[in-house]
Each structure stands twice: as C-alpha cells, then as structure tokens.
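A short worksheet on the structure shown next.
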Amino acid sequence: MDLLTGIAPVFRIDAGTNEAHLIGTGFWVTDVGHLVTAWHVIQENIGEDGVDRGPIFAIQTFPDGSLVVRSFKKSDKHPRFDLALSETVTTPPRADRPTMPIAMSLDELSIGDPVFSFAVLADDQIFENEKLPGHTIYKFNGDISGDFLPRPASVKFAVRLSFGHVSMIFEQMRDRVMLPFPCIQTDVPIYGGNSGGPLFDVRGRISAAHCTSFGGNDIAFHVPILGVLRLQARAQSFGIKDSARTQRSILELAIMQKVSFDPPMLDADRLVRSVLLWLWYATKCLARRERPSMNVHFSTTRSMMESEKSAQ
C-alpha cells in the first residue's frame with residue numbers, strides 16, 4: 001500500500017510575499033480529487049458559500065514521485081465535527097489524473113488499540129521524547145507554479161510515520177469549548193502541519209482525522225471517521241446531472257461505491273447486491289491472508305435523505 005499517494009499537504013499562499021505556508025494535511029476519499037481535512041485547517045480561506053477565497057492548494061503525489069498542484073474549488077463544512085470535504089482540481093494545461101484514496105473504516109477503535117499517523121509536517125521539525133520512535137520517510141524541496149500564482153513559489157515539507165495507542169474515547173465530547181464533539185485520544189505524536197491528516201488502525205485503514213494536541217507530544221485528539229458520512233460534495237463533480245439534488249453525501253457515495261470503506265458500506269434496499277459485495281470483500285481479505293471484518297455496515301435511501309436534511 002502506497003500511503004504517500006493517499007495524502008496531500010495543504011498550503012496557503014501569502015498574497016503579499018508569494019510565500020507558501022504549510023497549514024495542514026488532507027487525505028483523498030475519491031479518485032476525482034475530493035479531499036477530507038480538518039475544518040480549522042482551511043476555514044480562514046473558505047467563504048460562507050464554500051468557495052476558496054485563497055489561494056490555498058493541495059499537492060497530489062504519484063507513485064513515480066512526481067507532483068501536481070490542485071486548487072480548492074468547493075468545500076463543505078461538517079455542522080459539528082472539525083471536518084471538511086473539499087473538491088480540488090488541477091489547472092490547465094496539466095492533465096487531471098486520478099487521485100488515489102485509501103480505504104476508511106467505520107469499525108470502532110478500543111482503548112489500547114495500536115494506531116499510527118502518516119501526515120505532513122515542516123521539513124525542519126525537531127522530534128523529542130517520542131514514546132515510540134517515528135520515521136520521516138519523505139522530504140520535498142522545490143518550486144511549484146499555477147494560474148493562481150504570479151510567479152513560482154518555494155515549497156518544503158516532510159512526511160512522517162508516527163506510532164501510538166488509543167488512550168481514551170469520548171463518545172459525546174471531550175469538553176464544551178475546545179472539542180465539543182466525539183473524539184479519540186491517543187499518545188501518537190502530532191506536529192504542526194499534521195492537522196487533518198489520517199489516523200490509521202493496525203490494518204492500515206483510516207479510522208480518524210487529526211484534530212489537535214496539547215499538554216506535550218503524547219496527548220493528541222482525533223475526529224472519528226464516522227463524521228465524514230455527513231459531508232457533501234457537488235453531484236456534478238462525479239458526472240451526476242440532477243437539478244433536483246445537486247449534492248451527494250459521503251454516505252450515499254459510499255453506498256454507490258464511489259468512496260471506499262473497509263468493510264464496504266452496504267445498501268439495505270438491495271440485499272442481494274450487498275451480499276455479493278460483502279463476499280467479494282471477504283474473498284479479497286482472505287487472499288491477503290487477513291480476516292474479514294465482521295462489522296457489517298448497512299444504510300438505506302431513507303437514512304441518506306435524513307442525513308442530507310440534518311446537514312442543511
């Protein structure tokens with residue numbers, strides 16, 4: 001599994017100096033450029049209409065090591081969680097190549113479970129007092145260009161693999177001010193630029209998104225991946241033409257298998273298809289010598305509509 005192609009550093013350009021500042025990490029959830037990150041990472045640059053007031057951009061990495069810049073076109077904010085879903089696009093003359101999502105999981109973590117982070121940070125970050133030593137596995141130092149830039153801008157970043165365990169789970173909220181929503185606490189070291197990046201379970205599935213850390217580098221908080229189900233994207237960005245319903249939730253897109261979950265989201269209205277889909281998933285797991293997850297996740301058209309209404 002190539003985790004590097006599944007995440008993206010997010011940068012903001014200083015209009016006065018043309019300097020690029022690393023503001024967070026995101027991870028791809030579709031193959032057409034939809035990125036999940038923490039809302040606090042992008043909120044200063046996104047207007048009330050969800051359009052980038054920017055310029056901010058994400059960097060897409062390919063297996064051959066090449067990079068391309070993707071601009072933010074439209075973003076959706078979760079009504080409660082620190083999460084956002086952003087539609088990103090490349091600018092001509094660059095070809096819009098598919099993004100490479102990593103499967104998410106709705107399986108719940110438990111206290112004591114091993115987890116790891118794979119996220120972006122500054123290339124000169126200092127690491128001290130890590131309970132479990134991490135590894136910086138990638139560094140980039142170069143110039144990027146785009147229609148939104150008056151001239152090329154220098155970009156530097158690194159990607160680090162960090163390890164830890166789940167220490168606490170807050171099912172309702174951690175507090176009423178800083179984290180007034182469900183969250184997971186771990187001792188995974190979280191650094192500047194990691195916000196919005198993925199937290200993985202031991203099977204390499206995305207279980208949560210990084211939110212914040214404080215009180216040292218062994219207390220970090222993450223938003224459960226369950227929150228992404230309410231995020232919405234423009235139907236048109238998937239080639240869906242429907243003037244009556246211009247938005248599609250991640251929940252609906254997961255049932256359509258346009259967003260990848262492990263195990264897959266199943267459609268309670270199409271039981272035969274769902275059984276075949278789960279058998280296909282189980283077969284793939286066994287081929288990898290993995291035990292299939294026995295947590296079956298169903299949804300229906302009714303729940304999708306209710307999710308859309310509650311998010312409005």
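Since Ser249 meets every condition but one in (1) open to solvent by 60 Å² or more (accessible area, probe 1.4 Å); (2) touching a strand residue (DSSP E or B) at 6+ places or on another chain (Cβ under 7 Å); (3) touching a residue at least 60 places away in the same chain (Cβ under 8 Å), which condition does it not meet?
Ser249 satisfies all of (1) open to solvent by 60 Å² or more (accessible area, probe 1.4 Å); (2) touching a strand residue (DSSP E or B) at 6+ places or on another chain (Cβ under 7 Å); (3) touching a residue at least 60 places away in the same chain (Cβ under 8 Å) except (1).
I'd like the full set of residues that are among the polar types (S, T, N, Q) and either over 11 Å from the mean Cα position of the chain (by Cα) or outside any strand (DSSP E or B) (or both), limited to the stretch 206-233.
Thr212, Ser213, Asn217, Gln232
Could you check how many residues of the stretch 157-196 are within 26 Å of Thr5 (Cβ to Cβ) and in a loop (DSSP other than H, G, I, E, B)? Steps first, please.
If we filter the stretch 157-196 for residues that are within 26 Å of Thr5 (Cβ to Cβ), which is where we start, we get 157-164, 184, 186, 188-196.
Still in the list and also in a loop (DSSP other than H, G, I, E, B): 188-196.
Of the residues in that region, 9 qualify.
Could you please find all residues in the stretch 119-138 being open to solvent by less than 10 Å² (accessible area, probe 1.4 Å) and more than 17 Å from Ile219 (Cβ to Cβ)?
If the condition is that a residue be open to solvent by less than 10 Å² (accessible area, probe 1.4 Å) and more than 17 Å from Ile219 (Cβ to Cβ), then Val120, Leu121 are the ones that fit.
Determine whether the stretch 177-187 contains at least one residue that is under 22 Å from Phe62 (Cα atoms) and hydroxyl-bearing (Ser, Thr, Tyr).
no
Run down Pro79, Pro101 and say which single residue is closer than 24 Å to Asp2 by Cβ, assigned to a loop (DSSP other than H, G, I, E, B) and touching a residue at least 12 places away in the same chain (Cβ under 8 Å).
Pro101
Listed residues Ala220, Ala244; which is in contact (Cβ under 8 Å) with a residue 12 or more places away in the chain and aliphatic (A, V, I, L, M)?
Going through Ala220, Ala244 in turn, just one is in contact (Cβ under 8 Å) with a residue 12 or more places away in the chain and aliphatic (A, V, I, L, M): Ala220.
In this structure, is Ala208 among the hydrophobic types (A, V, I, L, M, F, W, C), under 24 Å from Leu132 (Cα atoms) and touching a helix residue (DSSP H, G or I) at 6+ places or on another chain (Cβ under 6 Å)?
Spelling it out, Ala208 is indeed among the hydrophobic types (A, V, I, L, M, F, W, C), under 24 Å from Leu132 (Cα atoms) and touching a helix residue (DSSP H, G or I) at 6+ places or on another chain (Cβ under 6 Å).
Taking interchain pairs and intrachain pairs at least six residues apart, which have beta carbon atoms under 8 angstrom, with the first residue in the stretch 1-18 and touching a residue at least 40 places away in the same chain (Cβ under 8 Å) and the second among the basic types (Lys, Arg) and open to solvent by 30 Å² or more (accessible area, probe 1.4 Å)?
Asn18/Arg151
The values are calculated or read from the model by the stated rules, or taken from the named source; none is laboratory data. All figures in this text were calculated on a predicted structure; none of them were measured in a lab. As a convention, Cβ positions derive from the backbone with ideal geometry for all residues, glycine included, and neighbour counts pool all protein chains shown. Protein only, heavy atoms only, side chains kept; ligands, DNA and RNA dropped before computing areas. Shrake-Rupley method; radii C 1.70, N 1.55, O 1.52, S 1.80 Å.
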